[in-house]
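The numbers here are math on the coordinates, done by the rules we state, and not lab data. Only a predicted model underlies this, so the values are computations on that prediction, with no experimental measurement involved. Cβ placement follows ideal geometry from the backbone for every residue including glycine, while neighbour counts extend to all protein chains displayed.
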Amino acid sequence: MFLRRRRIALLLIGDVLLLYGALFITIAIGLPIKDNADVFIEHLIPFSYLIALWVIIFFIAGLYDKETLFFRRKIPSILSGALVANGALAAMFFYLIPFFDITPKTNLFTYLAISFILILLWRLYGTVFISGGKKQKALIVGSGADFQTLVKEIANGEHYNIQIARAVDIGEVEHSALLGNIAEEIPTKGISLVIIDMHNEKLESILPHLYNLLFSRVRFLDIHKVYEEMFQRVSLSLIDYKWFLEYVSFSPRITYDIFKRAMDIIIGFMLGVISLVLYPFVYLAIKLDDGGKIFVLQRRVGKNNHIIKLLKFRTMDFDDEGKWETGAVNNVTRVGEFLRKTRIDELPQLWNVLDGSISLIGPRSEFPEPARHYNKEIPYYNIRYLIKPGLSGWAQLYGEHPHHGTDVSQTSNKLSYDLYYVKNRSVILDLEIALKTIKTLLSRRGV
């Protein structure tokens with residue numbers, strides 16, 4: 001119901017099965033039945049490589065984004081664009097790589113057409129079987145601005161399998177007896193789902209009433225988890241110290257940590273070597289622009305609040321190290337503006353990835369002065385320093401950040417995404433961030 005990742009997994013399985021099915025149909029169209037199996041097996045291995053690449057293209061194109069999952073009008077245009085890219089990729093795969101003996105000329109075009117039709121029908125009509133049937137009546141109990149946002153999201157979201165029977169803001173309920181009455185009303189109103197703030201002390205008085213409802217097959221969901229699932233970030237108004245003690249555990253994740261560091265070294269080295277091609281051009285551009293130095297070493301806050309120094313191409317008149325309170329005028333240069341828009345200015349940080357100062361994926365590193373300001377103004381801000389900062393991250397994809405100066409509102413919003421990553425970090429989430437970063441860069445949006 002709420003499980004976005006489960007829905008994505010089901011859609012992914014459906015897409016892969018249909019891509020293989022389209023291959024079998026394409027082969028069956030032009031061959032006698034007795035030859036179908038042999039030819040299909042011959043095509044199976046090369047097309048398996050290709051289908052794996054195509055699924056990545058689907059992901060980058062946005063076919064597994066939240067909006068695409070629920071708003072069907074976007075699917076035809078996104079799918080057609082993805083299949084055009086897939087067709088070009090397939091042509092290069094079969095005609096430029098002489099490893100395979102097959103060159104499916106006409107069949108490739110037929111296969112693309114059939115796979116487009118099958119996946120389009122699956123996305124438009126097959127997802128009904130994933131979302132479920134009759135909506136569940138729900139009672140939602142919580143408080144705060146994010147509670148109201150959640151209620152509004154469910155009420156306006158036809159794609160959710162939920163109908164709100166009642167929403168109770170406990171900040172407006174003065175007597176615990178009223179909460180008890182609300183709990184007793186659940187069976188009489190046909191409510192089968194209760195979304196509740198499990199961490200709110202004000203609700204402890206009604207827990208015995210809710211416990212008895214377990215025998216009536218009423219489901220209970222923590223409002224924090226529901227909010228995270230819907231918005232893919234942590235609600236700052238719903239959390240407290242107990243939430244961190246329960247959900248933010250830093251016990252060793254040996255397998256994940258080893259894999260993450262290995263990927264940092266391998267991918268960081270490969271990208272770092274490739275990026276060296278651009279260094280002479282950046283050098284000439286900066287020297288012709290203002291004749292200043294090429295690189296700057298910026299002091300940033302790293303893991304465990306340790307100060308690290310990041311290498312970047314200079315994009316401003318001088319390096320102020322984040323000490324903006326001095327009032328010195330420091331403007332972005334003409335070349336620096338281009339370097340920032342294209343993210344070329346951050347390429348030297350790949351060498352920081354290799355030395356272990358930062359990771360490819362993680363919270364954005366911050367200057368020391370703004371970090372001290374945010375620690376005072378934003379509760380729990382320092383939690384983000386429990387892991388290494390990264391070149392890209394969940395918050396960089398979804399939250400705006402102040403480029404020069406401080407902004408508590410924007411940074412609070414970014415923190416909600418950082419906490420989501422800290423809590424849920426995994427190989428799969430890192431892969432999702434990497435693919436979405438590629439999509440963002442290709443669409444020329446900032447990271």
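Assuming R0 = 25 Å, can you tell me the calculated FRET efficiency for the pair residue 407 and residue 145, based on Cβ-Cβ distance, to the nearest 0.05?
Working: r = 18 Å, r/R0 = 0.73.
Plugging the Cβ-Cβ distance into 1/(1 + (r/R0)^6) gives 0.85.
What distance in nm lies between label points placed 7 Å from Cα along the C-beta direction at residue 289 and residue 215?
7.3
Cut-off is 10 Å between beta-carbons; in what order do 204, 366 appear when sorted fewest neighbours first?
Fewest-to-most ranking of 204, 366: 204, 366.
Figure the gain on full extension for residue 45 and residue 398 (residue separation times 0.36 nm, minus the Cα-Cα span) and round it to one decimal in nm.
Using 0.36 nm per residue and subtracting the Cα-Cα distance, I get 123.3 nm.
Quick one: which residues, 5 or more positions from residue 391 or on another chain, have an amide H under 5 Å from its amide H? H modelled 1.01 Å from N in the peptide plane, none for Pro or chain starts.
Residues meeting the criterion, in which the H sits 1.01 Å from N, are 359, 360, 361, 362.
Can you give the log10 of the normalised intensity I(q)/I(0) at q = 0.16 Å⁻¹, computed with Debye over equal Cα scatterers of segment 254-442?
Cα-only, vacuum Debye calculation for segment 254-442: -1.08.
Return the long-range amide H neighbours of residue 312 (sequence gap of 5 or more, or a different chain), with a cut-off of under 5 Å between placed amide H atoms.
296, 298
Could you list 241, 421 in order of exposure, starting from the residue whose Cβ has the fewest other Cβ atoms within 10 Å? Can you show the working numbers first?
On the way: 241 10, 421 24.
Result, fewest neighbours first: 241, 421.
For the residues 55, 273, what sequence is obtained by ranking on other C-beta atoms within 10 Å, fewest first?
In order of increasing Cβ crowding within 10 Å: 273, 55.
Just how far, in whole angstrom, is segment 373-390 from segment 196-222 if you go by their alpha carbon centroids?
Taking the Cα centre of each part, segment 196-222 and segment 373-390 sit 33 Å apart.
Please find the FRET efficiency linking residue 155 to residue 181, where r is the Cβ-Cβ separation and R0 is fixed at 30 Å, and quote it to the nearest 0.05.
0.85
Once phi is turned into ³J(HN,Hα) by the Karplus curve 6.51 cos²θ - 1.76 cosθ + 1.60 with θ = phi - 60°, what whole-Hz value does each residue of segment 382-392 show in order, with x for glycine and proline?
Working through the residues one at a time gives 6, 4, 5, 8, 6, 10, 5, x, x, 5, 9 Hz.
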